[in-house]
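Notes follow once the structure below has been shown.
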Amino acid sequence: IPYFQEVIVMASTCDACGYRNSELKPGGRIPEKGKIITLSVKNVNDLSRDVIKSDTASVKVPEVDLELASGTLGGIVTTVEGLITRISESLERVHGFTFGDSLDENSRSKWIDFKARLNKLLSLEEPWTLILDDALANSFVAPATDDLKEDNQLAFEDYERSWEQNEELGLNDMDTSSAEVGDAPTNTSKTE
């Protein structure tokens, strides 16, 4: 993938029912820094941009107060439109029973309002912002042009992971000293 790193994409399609699924797993070494990707969504072409969201990426859309923790939805390969649709469908599926007949009118009204605001993102009534924050920098949004520097709607920001993020990822306990020793040349001759 241009401008990106090694990834493993697992895709499957059922010929009988048409169900499609794609998952993404990182390949290669663990990056030293995390990455925040910010896309200003302004037109239909932005909805068609390819998105790689790893299972370590959180998703934010500040305009609708949407925040998904890392791990939500897993790792997926989709488009901006597909990501928002998947989020909406996932919320509907998870909260379908929660927001049933027994829900009080105030809570039901809030849910309906939130769902309407989520759907407005795809109709592009107003510009909005998609933010992927990936502590392992394994996520990506495709640029609109061949040169990343020319795409003024897309920004990438590297950052130092916090101790808490490293802890959550299991990196604080990782000992690579034996791997480094294994790579060093050894002297096998003995002097007696």
Might you check whether a residue that is within 28 Å of L83 (Cα to Cα) and at pLDDT 80 or above occurs anywhere in the range 168-182? yes
For the range 90-112, state whether one or more residues are modelled with pLDDT of 85 or more and closer than 25 Å to S139 by Cβ. yes
Can you pull out every residue in the range 22-62 that is surrounded by 11 or more Cβ atoms within 10 Å (Cβ to Cβ), more than 14 Å from the chain's Cα centre (by Cα) and over 18 Å from A142 (Cα atoms)? G27, I30, P31, K33, P62
So D65 passes all but one of these: (1) within 16 Å of P143 (Cα to Cα); (2) exposed (fewer than 13 other Cβ atoms within 10 Å of the Cβ). Which condition number does it fail? (1)
Does the range 114-169 hold any residues that are in a loop (DSSP other than H, G, I, E, B) and without any contact (Cβ under 8 Å) to a residue 24 or more places away in the chain, and which are they? E125, T145, D146, D147, D151, N152, S162
Quick check: anything in the range 132-149 more than 22 Å from the chain's Cα centre (by Cα), at negative phi and at pLDDT 90 or above? no
So which residues in the range 45-78 are acidic (D, E), assigned to a loop (DSSP other than H, G, I, E, B) and either touching a residue at least 60 places away in the same chain (Cβ under 8 Å) or within 19 Å of R93 (Cβ to Cβ) (or both)? D55
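The values are calculated or read from the model by the stated rules, or taken from the named source; none is laboratory data. Fair warning: this is a prediction, and the values are worked out from it, not measured in the lab. Here the Cβ is made from the backbone with ideal geometry for all residues, glycine too, and neighbour counts use every protein chain on show.
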